[in-house]
Structures are given as structure tokens and as C-alpha cells.
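Quick notes on the structure that follows.
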Amino acid sequence: SELVRAGKAKEALAKLNGVSGSGPEDTYMLARIRGAAYQTMHNDGEAAQQYEAAFATGHVPPAEAGRLATTVAGIFAQQHNNAKAMQWVEKAKAAGYSGSDLRQIQDYVQGNSGDYGQIARDNAAKVQAAEAAGRRPDEDDLLRLADAYRHTNNKVGDLQVKEKLVLNYPSNKQYTSI
């Protein structure tokens, strides 16, 4: 792993060629290092395979599972494999991870899927949660919700979201001209 950190991914893979783990912990660590090396080399397909192999050992430390699953989800999203990306988003969530990078991947994949009903439900829940907590809804959540409402021909919902944009983000001239 020091070779990978030093930017010598090819060297690291060459040293690991033919090496196999003597137990599940070793197998996990080897797959993790190989995944990182392949990812450094921008060989995302191999990286995803290695990370999946790391998960298959059942020895991913719980504190790392969510972030690693998010990494795999991001790789599959970049490859436009939306079904696999969403599987890994769900694994990351199941591991208790809720970072902004995971939300961005989920939003990206959902946007590409065209499932505007689900996008509307997810973003409406985010907006409602923010309002219930006395916070201003996130501008991106409002924009995604408005877009989903437009795609589902929900004119009333779209107008309500535009009103929230104007009220919550009055400095943005784009919204005040609506």
C-alpha cells in the first residue's frame, strides 16, 4: 500500500502478482490494495472488481464499509451502470454512511435513470426535513425537486418550489424573475 500511496501503482500490482491471502483478512487487504492501485491507474473496472472482492470476504471493517461502498458506487456511476451504482449506494446507506458524496452519487444516478417520481419523493423529504428542523432547505434539493415536478407535470408542486426558491434565495436574480 505504500507503493500505491507513492504513486507507484503498477509496481504495487507487479509485487502482488500471484500473491494470495492465507485467510479472509489477508484476502480482504490484498483486494483493497489492488483496488486502490487500479483506481490510481484509472482502471475503474478492475478497481470495482477488487473492491467487490474485498466486500465478499466479509472482513471490511464496519468503520470503512460505508465509504468503501460509496467509492464502488461512484465507480459504477462513472461507468453509467446505474443499477450497480444504486446497489452500492444502498450498501453504503446500510453501513450507516450518509456523506454528501453518497448523496451526490445517488442524485446523479437517479437523474440519469429518469425516475422523476422517486427523485421528487426523495427531494421533497429532504426539503420537508430541513423545514421541520427550522433550517433553510438546500438550494440543490429545491432545484432537483422543481425539475422532477416539471418532468412529472406537477405544476402546483413546481410553483410551490419556485416560491420557496424565491423566499429562501432572494439574492439569486434567476429566482426573483420567475
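Things worth noting here:
- In the range 89-132, the qualifying residues are those that are aromatic (Phe, Trp, Tyr) and under 17 Å from residue 143 (Cβ atoms), and the one that is least open to solvent (accessible area, probe 1.4 Å) is 116.
- In the condition set (1) in a loop (DSSP other than H, G, I, E, B); (2) under 21 Å from residue 35 (Cα atoms), residue 88 is compliant with all but (1).
- Residues in the range 117-174 that are over 20 Å from residue 100 (Cβ atoms), part of a helix (DSSP H, G or I) and either of a type in the set (Val, Ile, Thr) or touching a Cys at 6+ places or on another chain (Cβ under 7 Å) (or both): 156, 161, 166.
- Scan of the range 15-66 for residues that are loosely packed, with under 15 Cβ neighbours inside 10 Å, assigned to a loop (DSSP other than H, G, I, E, B) and over 20 Å from the mean Cα position of the chain (by Cα), ordered by number: 17, 18, 19, 20, 21, 22, 23, 58
- Filtered by the rule that a residue be aromatic (Phe, Trp, Tyr) and at pLDDT below 85, the range 146-178 gives a lone residue, 175.
- Residue list for the range 1-13, restricted to those being open to solvent by less than 70 Å² (accessible area, probe 1.4 Å) and outside any loop (DSSP other than H, G, I, E, B): 3, 4, 9, 12, 13
- Figure legend. Inter-residue proximity from the range 78-98: first residues closer than 21 Å to residue 61 by Cβ, second residues crowded, with 18+ Cβ neighbours inside 10 Å and of a type in the set (Ser, Thr, Tyr), beta-carbon distance below 8 Å, spacing 6+ or different chains. Indicated pairs: 88/70; 89/70; 92/70; 97/70.
- Pairing each residue of the range 153-167 that is within 11 Å of residue 139 (Cα to Cα) with any residue that is assigned to a helix (DSSP H, G or I) and open to solvent by 50 Å² or more (accessible area, probe 1.4 Å), provided the two are 6+ apart or on different chains, yields C-beta distances under 7 Å for 166/176.
- When the residues of the range 133-142 are filtered to those that are open to solvent by 30 Å² or more (accessible area, probe 1.4 Å) and charged (D, E, K, R), the one that is nearest to the chain's Cα centre (by Cα) is 140.
The values are calculated or read from the model by the stated rules, or taken from the named source; none is laboratory data. None of these values were measured; they are calculated from a predicted model. We place every Cβ from the backbone using ideal geometry, glycine too, and count neighbours over all the protein chains shown. Quick note on the areas: whole protein, heavy atoms, side chains included, nothing else; ligands and nucleic acids left out. Shrake-Rupley method; radii C 1.70, N 1.55, O 1.52, S 1.80 Å.
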